[in-house]
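Below: one structure, written as structure tokens.
The values are calculated or read from the model by the stated rules, or taken from the named source; none is laboratory data. These figures come from a predicted structure and were not determined experimentally. All Cβ positions, even for glycine, are placed from backbone atoms using ideal geometry, and neighbour counts span all protein chains on display. Accessible surface areas use protein heavy atoms only, side chains included; no ligands, DNA or RNA. Shrake-Rupley method; radii C 1.70, N 1.55, O 1.52, S 1.80 Å.
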Amino acid sequence: MTDQTNLPLGRRVMAMIEDLAQHTDDVGRLTRLYLSPAHRAAADTTLQYMRHAGLDAYIDALGSVVGRLEGRDPSAPALLIGSHIDSVVDAGRYDGNLGVVLGIVVIEALKAEGIVPSCPIEIIAFGDEENVRFPTNLSTSYALAGQYDANWLDGRDADGVSVRDALIQFGGDPNGIAALARDPARYRGYLEVHIEQGPQLEARDLPVGIVSAINGITRARAHVIGEAGHAGTVPMNMRRDALAAVAEMIGIAERTGSTRTDTVATVGVAQVQPGAINVIPARVDFTLDARSPDDAVRHAMVQDIVTECEAAAARRGVSFTIEPFMESPATPMDKGLVAQLEEAVKFIGIEPMHLASGAGHDAVAMANLCPSAMLFVRCKGGISHNPAESITLEDADTAARALLESVKRIVA
Ligand SMILES: [Zn+2]
């Protein structure tokens, strides 16, 4: 049993997490949407943390908080460390915030050890990761990669407020966005620490893990059309039951998603028509969400699902159509940075486990700017986007030490 009075980095992390969790748009629960008053308050608190840690810090035109520590060679490509401080509705306190706080704690630790890095280090708290308030997603990190689409400013929230107006209200500057684009030559890498949001580390009894790739995603809408009929009078062998066909198709998706390594396939929505207890279902519209760290594997999986569903539809005399509406490629993590993370994790006595990320992260956007890598931290029960989200003090400390050792290796 570790002596819990002696985990200074972990304690510092947890104290800052508690402090940030006070900034919420809702009473009694944590909700911090992009460009909301709570986001502004959390950004101001983060700014103070960064300045206290000795960083030259500011809030940029899109509301991201950026703090820079100069290195021995100010012209050397900088190391970026970041994550996000926006949240979902009724969120946990670690998703996003943990990675920001860990970056600041690592700067404090470097200073305490008297280490001046060879290159500049920047800590970044992004603001638009959760895709809850506006149609935008990862816009604050895409801006740094020079991929902000000016049309995003016209996106509106449920109250009709545009990103542009919310940004001005926040204190940001729509005219300053283009200038946020960074020159790739000036950055050596981006590191992001995040809670795992899944159960794999817990199952392996490991506090941290190294992300191999962020999964690519295919999303599609499918439609199955059969024939309505009286549930009492049409014999079983004379039916064209759309829902019974979809039940088989869900089984196909589930089985196909399980046959390859690291793939997942989910039917998350199914709408039945006419939807009455005594009517044979005539039509079902359903969704498919399929993910894999390897694009070729994902495409093969989706093709297998479609082929088998077509066969099932033909056998049952129902029609089956499917239209993909989203295609997001996988983001492999940088091999060099992954090796550094692995060395650091081993150095602090942890078995280095590699795992794919099923969820998207700011690293997806940042990988377009510079080599990127991620470290996952075990979270209780794999639960996230939920107030029950939780990590232990010991794991917070381990994550801080793993990141500190990684940074030391990269900026030595
Ligand atoms: Zn997150």
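Points worth noting:
- The stretch 159-255 shape via C-alpha gyration tensor axes, a/c threshold 1.5: oblate
- 25 Å Cα-Cα reach of residue 408 towards lysines, excluding residues that sit fewer than 8 places from it in its own chain: 111, 335, 346
- From phi via Karplus (6.51, -1.76, 1.60), per-residue ³J(HN,Hα) for the stretch 310-325 in Hz, x at Gly/Pro: 4, 5, 5, 5, 4, 4, 9, x, 10, 8, 9, 10, 9, 10, x, 10
- In this structure the chain gives 42 Å² per residue of accessible area when probed at 1.4 Å with all protein chains present.
- Carbon plus sulfur fraction of accessible area for the stretch 224-323, probe 1.4 Å, in percent: 55
- Each of residue 307 and residue 159 was given a label point 7 Å from its Cα along the Cα-to-Cβ line. The distance between the two points is 5.2 nm.
- Amide H within-cut-off set for residue 214, under 5 Å, with H built and near neighbours excluded: 331, 333, 357
- Length gained when the stretch residue 261-residue 169 is fully extended (0.36 nm per residue, less Cα-Cα span): 28.5 nm
- Of the trypsin sites (Lys or Arg not before Pro) in the stretch 354-412, not one is in a loop by DSSP (not H, G, I, E or B) with at most 10 other beta carbons within 10 Å.
- Distances between placed amide hydrogens fall under 5 Å for residue 353 paired with 210, all partners being 5 or more residues away or on another chain.
- Look at the Cα gyration tensor of the stretch 1-110: its axes a ≥ b ≥ c give a/c of at least 1.5 with a/b at or below b/c, and that counts as oblate.
- Once all protein chains are placed together, residue 347 keeps about 130 Å² accessible to a 1.4 angstrom probe.
- The phi-based Karplus calculation (6.51 cos²θ - 1.76 cosθ + 1.60; θ = phi - 60°) puts the 3J(HN,Hα) values of the stretch 130-135 at 8, 6, 9, 7, 10, x Hz, whole numbers, x for Gly and Pro.
- Across the stretch 1-85, the relative contact order, built from alpha-carbon pairs under 8 Å that are at least six residues apart, equals 17 percent.
- Only the Cβ atoms of Lys and Arg (+1) and of Asp and Glu (-1) were treated as charged; on that basis the dipole of the chain about its Cα centre amounts to roughly 400 debye.
- Accessible heavy-atom area order of 361, 299, 52, highest first, probe of 1.4 Å: 52, 299, 361
- Between residue 273 and residue 221, residue separation times 0.36 nm minus the direct Cα-Cα distance comes to 17.2 nm.
- Between residue 325 and residue 76, the C-beta separation translates, for a Förster distance of 41 Å, into a calculated FRET efficiency of about 0.40.
- Rounded to the nearest 10 degrees, the inclination of helix 335-347 to the longest alpha-carbon principal axis of the chain is 70 degrees.
- Among beta bridges from DSSP that stay inside the chain, the antiparallel ones total about 70%.
- Rounded accessible area of residue 142 (nearest 10 Å², 1.4 Å probe): 50
- For the chain, the longest principal axis of the C-alpha atoms and the axis of helix 242-259 are separated by about 40°.
- Share of carbon and sulfur in the accessible heavy-atom surface of the stretch 61-187 [1.4 Å probe, %]: 47
- Rounded to the nearest whole Hz, the Karplus-based 3J(HN,Hα) values (6.51 cos²θ - 1.76 cosθ + 1.60, θ = phi - 60°) of the stretch 13-21 follow the sequence 4, 5, 5, 5, 4, 4, 4, 5, 5, with x at glycine and proline.
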